[in-house]
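J.: I have a structure I would like to understand better, so I am pasting it below and will then ask my questions one at a time.
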């Protein structure tokens, strides 16, 4: 992940039109994923920031439904990969096969060639298969037999993992966790929402959702998000937050420069969803935990004491001074 070349900030009309479209997209997804507006907005932010999302939660709370609803709303091609211990890397990326009719080798794309890829229970696959996603998540290309193949754009990987069943699972290494822009938890619905679900408030499948836009327009929104203005004091604030993780006594490995870039890029997309052409400190504060927490490696003592990475991030947000209000 590398920073983009700065361009002129988007105009007011562009921002208003984009925010209106993102709002319609969010409402469309929320008609299926009830009672989770922040999770939907953050997933939409990841899509516009060209990042990836790791959903860690118990079964049955709507992780896969969220990803499928996103794909249907943008008329995107989606594929679901059920990760199992016997899954091979070629089952993810594709394989080159000899065609006897043409007397040549042909590449048969794997399920990773889609706009939205659902990697279900990613921690059940072996590390070798997990690593098959590393290149495509970072470079948006797949190399098979020395030949590079580009995946469709926009491209979003939504991976899920179950935090309670550890038998037969393989922990994601830090290098792969760092490829995810955000780590989110859907959480249980509120009592009122769960009653609505039981009453049949959600009777459609995600695929039955009416599309709001298409992938070409989403690509334009991605380009627009990259033009959102970030003032220099906010770049400094993001770097100070990262430095605080690197020097924190409970942290063994802090946030890398890639994580700082991820935070600022996500903040630009988040500002766009809020109808602004510039980032404010609150954007960084809202996104710091989902973007930073999974990138931290805590000290052994902190792990024994049951300290969570999110606790450390919130402590740092309270300690690091927020810069004065900055306008575009």
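J.: Being part of a strand (DSSP E or B) and either buried (at least 18 other Cβ atoms within 10 Å of the Cβ) or not assigned by TED's automatic domain parsing to the domain that holds residue 187 (or both) is the requirement here; does residue 117 meet it?
T.: Judged against the criteria, residue 117 is a match.
J.: In this structure, is residue 212 part of a helix (DSSP H, G or I), in the same structural domain as residue 70 (by TED's automatic domain parsing), surrounded by 13 or more Cβ atoms within 10 Å (Cβ to Cβ) and modelled with pLDDT of 85 or more?
T.: No, not satisfied.
J.: Does region 245-263 contain at least one residue that is under 15 Å from residue 42 (Cα atoms), touching a helix residue (DSSP H, G or I) at 6+ places or on another chain (Cβ under 6 Å) and outside the structural domain of residue 177 (by TED's automatic domain parsing)?
T.: The answer is yes, given that some residue of region 245-263 is under 15 Å from residue 42 (Cα atoms), touching a helix residue (DSSP H, G or I) at 6+ places or on another chain (Cβ under 6 Å) and outside the structural domain of residue 177 (by TED's automatic domain parsing).
J.: If a residue has to be in contact with a strand residue (DSSP E or B) (Cβ under 7 Å, 6 or more places away or on another chain), surrounded by 18 or more Cβ atoms within 10 Å (Cβ to Cβ) and outside any loop (DSSP other than H, G, I, E, B) to count, how many in region 285-298 make the cut?
T.: 5
J.: Name the single residue, out of those in region 50-66 being surrounded by 13 or more Cβ atoms within 10 Å (Cβ to Cβ) and either free of Cβ contacts under 8 Å to residues at least 60 places away in the same chain or part of a strand (DSSP E or B) (or both), that is nearest to the chain's Cα centre (by Cα).
T.: Among them, the one singled out is 53.
J.: Are any of the residues in region 240-255 free of Cβ contacts under 8 Å to residues at least 40 places away in the same chain and assigned to a helix (DSSP H, G or I)?
T.: Yes, that holds for at least one residue.
J.: Let me ask something else. I need a count of the residues in region 7-49 that are under 16 Å from residue 206 (Cβ atoms) and part of a helix (DSSP H, G or I).
T.: 11
J.: Right, next: Quick check: anything in region 177-185 more than 22 Å from residue 310 (Cα to Cα) and touching a strand residue (DSSP E or B) at 6+ places or on another chain (Cβ under 7 Å)?
T.: no
J.: Quick check on my filter: what residues within region 261-284 are closer than 15 Å to residue 243 by Cα and surrounded by fewer than 20 Cβ atoms within 10 Å (Cβ to Cβ)?
T.: The one that is closer than 15 Å to residue 243 by Cα and surrounded by fewer than 20 Cβ atoms within 10 Å (Cβ to Cβ): 261.
J.: Residues in region 306-314: is at least one outside any helix (DSSP H, G or I), closer than 28 Å to residue 67 by Cα and out of contact with any helix residue (DSSP H, G or I) (no Cβ under 6 Å at 6 or more places or on another chain)?
T.: Yes, that holds for at least one residue.
J.: If residue 69 passes every condition in (1) part of a strand (DSSP E or B); (2) surrounded by 14 or more Cβ atoms within 10 Å (Cβ to Cβ) but one, which one does it miss?
T.: It fails just one condition, (1).
J.: Out of the residues in region 131-144 that are free of Cβ contacts under 8 Å to residues at least 60 places away in the same chain and assigned to a helix (DSSP H, G or I), which is surrounded by the most Cβ atoms within 10 Å (Cβ to Cβ)?
T.: Selected residue: 133.
J.: So for region 85-101 (the condition being more than 23 Å from residue 140 (Cα to Cα), surrounded by fewer than 19 Cβ atoms within 10 Å (Cβ to Cβ) and either in contact with a strand residue (DSSP E or B) (Cβ under 9 Å, 6 or more places away or on another chain) or not assigned by TED's automatic domain parsing to the domain that holds residue 159 (or both)), does at least one residue qualify?
T.: Yes.
J.: Got a number for residues in region 145-163 being part of a strand (DSSP E or B) and either outside the structural domain of residue 183 (by TED's automatic domain parsing) or in contact with a helix residue (DSSP H, G or I) (Cβ under 8 Å, 6 or more places away or on another chain) (or both)?
T.: Residues flagged as part of a strand (DSSP E or B) and either outside the structural domain of residue 183 (by TED's automatic domain parsing) or in contact with a helix residue (DSSP H, G or I) (Cβ under 8 Å, 6 or more places away or on another chain) (or both) within region 145-163 amount to 6.
The values are calculated or read from the model by the stated rules, or taken from the named source; none is laboratory data. The model shown is predicted, which means the values in this text are computed figures rather than measured ones. Glycine gets a Cβ as well: all are built from the backbone with ideal geometry, and neighbour counts include every protein chain shown.
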